[in-house]
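Worksheet for the structure shown next.
The values are calculated or read from the model by the stated rules, or taken from the named source; none is laboratory data. Not measured: the values here are computed from a predicted model. Here the Cβ positions follow ideal geometry from the backbone for every residue, glycine too, while neighbour counts run over all protein chains shown.
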Amino acid sequence: MKRRLTKLLIANRGEIALRIIRSARIFGLKTVAVYSDADANSTHVAAADESVLIGPAEASKSYLDIAAIINAARQIGADAIHPGYGFLSERPEFARAAAAANLTFVGPHPDVMAALGDKVAARRIAIQAGVPVVPGIETAELSAVRDFAARVTYPILVKAAAGGGGRGMRVVHEAAQLEASIEAASHEALAAFGDGRLFVEKYLAHPRHVEIQILGDEYGDVVALGERECSIQRRHQKIIEESPSPGISENTRAEMIDAALSLARVAHYTNAGTVEFLIEGANFYFLEVNARLQVEHPITEERFGVDLVCEQLRIASGGKIAAPPAPRGVAIECRINAEDPEHDFRPAIGTVLHLRVPAGPGVRFDSHLAPGTVISPYYDGLLGKLICFGADREEARLRMLNALNEFELLGVVNNASYLRDIIASEPFRNADLSTHFVEEHFPAWHPNDSDLTAALIAAAITAERDSIEAPPNRNGDRPASSRSPWTELRGFELWRSRP
Ligand code: ADP
């Protein structure tokens, strides 16, 4: 049924809120940003036509507050809600609350979300659709797991049914660890998702993570837009993705696409979604469905020349999906995070003091950063996604290397030089990929000297800014300000070419 949408509320923040606002505008919609106290000066708020404050900085009282967001939509006269990714994007109760308030939810039906959001239920749907799954059992009851481990041999993986973001997951290498691992995974899952249910899979030794992008409309059509290789991960979190996958045959690709489409049809899937698989040797296995837009969706957009957010809006308006165009070239994405790769990737906070955004043919930067943007401890640390496209993998890789060299960010410690070293490395160039890529090839990473210089300058600028911002003393003078590092560092070039 065709629905005329006019005003879209974006129930998210950061780069994805900005990304959605841009496409919604192209699609002809008015846009509404929601924001917390911590985000009043954020770029997504400035970019939207209208904005509504929904609560304090804590996500549970703002971006995760269903009632606050639905009220905001009602109050401002929105007729649709886009949830982005993360936050409430995969919560069926949010989609239900939107429907109850007569708002079009840009995503699948809540019942479909509920079925696929539970990994055990999703596994059953995969089996029903004839899609191979990793050998596993639907319980973490100790004696059943012992029997299972005896059958498939250790290592095994204890996983949370409600899991996400790598939480509630424990690899168990031997029987002696079993009880404690089950306990810890259940505890973590309960704390993170309010649901401690577990299941167990064989832990594949050397898999790759490859996923299929799908789109489904309400008339029963589903299409696939190729695959994304997401094997480069840290602690089960993706950091570099590419499309196409450099290591699968045409045959495997076609089989995975068929499997994803069968599953989507069995589940009556609508809107954009991703079916994730693990590949080991010649076999692939269903992992999970993400019933939303993925962080790494831009690499698919670059290869297929489609705007996936516009496609989502078209589907939500009751439109039909068309056969996707033929893909071309290769796209790679790097996730630039506010974290310190030198100190166990601990999260970083700060204020953007200086930003140089890379440019040039085939270079795209999806980010909400601007000078002055405050990175607070309240939300995830994704600063932006650098996406590079090339006619072939090497061209895309070289563009990424250049782009990461051009990228400058002072004021927030981040992983850009770590990513650059991975992109420059032989194993990456040779596409020697597995989910263990980082621990095998970059077990202990340290920045080189020029990165240290940049870090020192960043520290100096921060100190300078703090002294400028310090209130005047009793005589009306500002505290003795240090000299600007910029004048001290004459001749220093930030945009240096690195090997
Ligand atoms: P989450 O939803 O928490 O992200 P996933 O089920 O998507 O969890 O798995 C995340 C990552 O964990 C995968 O990309 C892979 O690296 C690893 N993983 C998950 N299941 C297995 C398995 N059975 N064997 C080996 N690695 C796995």
Selected residue (criterion: farthest from the ligand (Cβ to nearest atom)) from residues of the range 261-294 that are farther than 14 Å from ALA126 by Cα and surrounded by fewer than 21 Cβ atoms within 10 Å (Cβ to Cβ): ALA282
Some residue of the range 420-443 being β-branched (Val, Ile, Thr), at pLDDT below 95, crowded, with 17+ Cβ neighbours inside 10 Å and on the phi < 0 side of the Ramachandran plot: no
Residue in the range 161-174 that is away from the ligand (no atom under 14 Å from the Cβ), touching a helix residue (DSSP H, G or I) at 6+ places or on another chain (Cβ under 8 Å), assigned to a loop (DSSP other than H, G, I, E, B) and at negative phi present: no
Number of the condition not met by LEU215 [criteria: (1) of a type outside the set (Phe, Trp, Tyr); (2) in contact with a Leu (Cβ under 6 Å, 6 or more places away or on another chain); (3) assigned by TED's automatic domain parsing to the domain that holds SER249]: (2)
Unmet requirement for ASP118, which otherwise passes all of (1) of a type outside the set (Val, Ile, Thr); (2) at pLDDT below 95; (3) surrounded by fewer than 15 Cβ atoms within 10 Å (Cβ to Cβ): (3)
Candidates ALA205, ALA192 - the one that is within 12 Å of the ligand (Cβ to nearest atom), under 21 Å from the mean Cα position of the chain (by Cα) and outside any strand (DSSP E or B): ALA192
Breaking point among (1) more than 16 Å from the ligand (Cβ to nearest atom); (2) of a type in the set (Ser, Thr, Tyr); (3) surrounded by 20 or more Cβ atoms within 10 Å (Cβ to Cβ); (4) closer than 25 Å to GLU395 by Cα, for SER245: (1)
Strands (runs of 3 or more DSSP E) contained in the range 252-340 and holding at least 1 residues of a type in the set (S, T, N, Q) and touching a His at 6+ places or on another chain (Cβ under 9 Å): 271-280
Unique residue being touching a residue at least 40 places away in the same chain (Cβ under 8 Å) and within 28 Å of PRO207 (Cα to Cα) when the list is LEU401, LEU419: LEU419
Within the range 208-232, tally of residues that are of a type in the set (A, V, I, L, M, F, W, C), within 14 Å of the ligand (Cβ to nearest atom) and more than 15 Å from GLU250 (Cα to Cα): 2
